[in-house]
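K.L.:
My questions will all concern the structure given below.
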């Protein structure tokens, strides 16, 4: 295995100046004092069940357990490196190389499939949307509920019995009498 050689860089202002080192030391001390009060990552170890002790990010997970995973509709969209970062060019080339390798791998997989397998894969891609499983399940339930409701609304009316027809006729007659009595001011 080829070992990478470490590039020796010249010391920065933080390393040269005692004042800057003091400022950095105070900042780290303040952070370490605050760290205990921050919310902890909710990830647990499989073998012991212990919780991760790292500070959590917005989604309740630390950097190592998915805290940097984007949320919302764009969670599966490629996250490009910040252009202002000093190593942005290196990160970008690494990301592009990984995307190219991933596309080549998918192309090889599709090329090795039979026509029937390719059709099955296309059908699977259409039915399995990106996103969290819970969101997909909720949306599937909502669609099923909407279809059930539409079917019940559009269903033909059940045939009514003679007794139901007689009661409906009697109810209409009573409503008509009530309207007449309210018009004469008896109940109005």
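K.L.:
Name the pairs whose Cβ atoms lie under 9 Å apart, with the first residue in region 166-184 and on the phi > 0 side of the Ramachandran plot and surrounded by fewer than 10 Cβ atoms within 10 Å (Cβ to Cβ), the second at pLDDT below 90 and outside any helix (DSSP H, G or I), and 6 or more positions between them or separate chains?
P.N.:
none
K.L.:
Scan region 2-25 and tell me whether some residue there is under 23 Å from residue 132 (Cβ atoms) and surrounded by fewer than 10 Cβ atoms within 10 Å (Cβ to Cβ).
P.N.:
no
K.L.:
Only residues in region 67-96 that are more than 25 Å from residue 55 (Cβ to Cβ) count as the first member; pair them with residues that are at pLDDT below 75 and surrounded by 10 or more Cβ atoms within 10 Å (Cβ to Cβ), Cβ under 7 angstrom, at least 6 apart or cross-chain, and list the lot.
P.N.:
The qualifying pairs are 76/130.
K.L.:
Would you mind finding the one in 37, 58 that is within 30 Å of residue 136 (Cβ to Cβ), loosely packed, with under 10 Cβ neighbours inside 10 Å and either over 23 Å from the mean Cα position of the chain (by Cα) or modelled with pLDDT of 80 or more (or both)?
P.N.:
58
The values are calculated or read from the model by the stated rules, or taken from the named source; none is laboratory data. Keep in mind it's a predicted model, so treat the numbers as computed, not measured. All Cβ positions, even for glycine, are placed from backbone atoms using ideal geometry, and neighbour counts span all protein chains on display.
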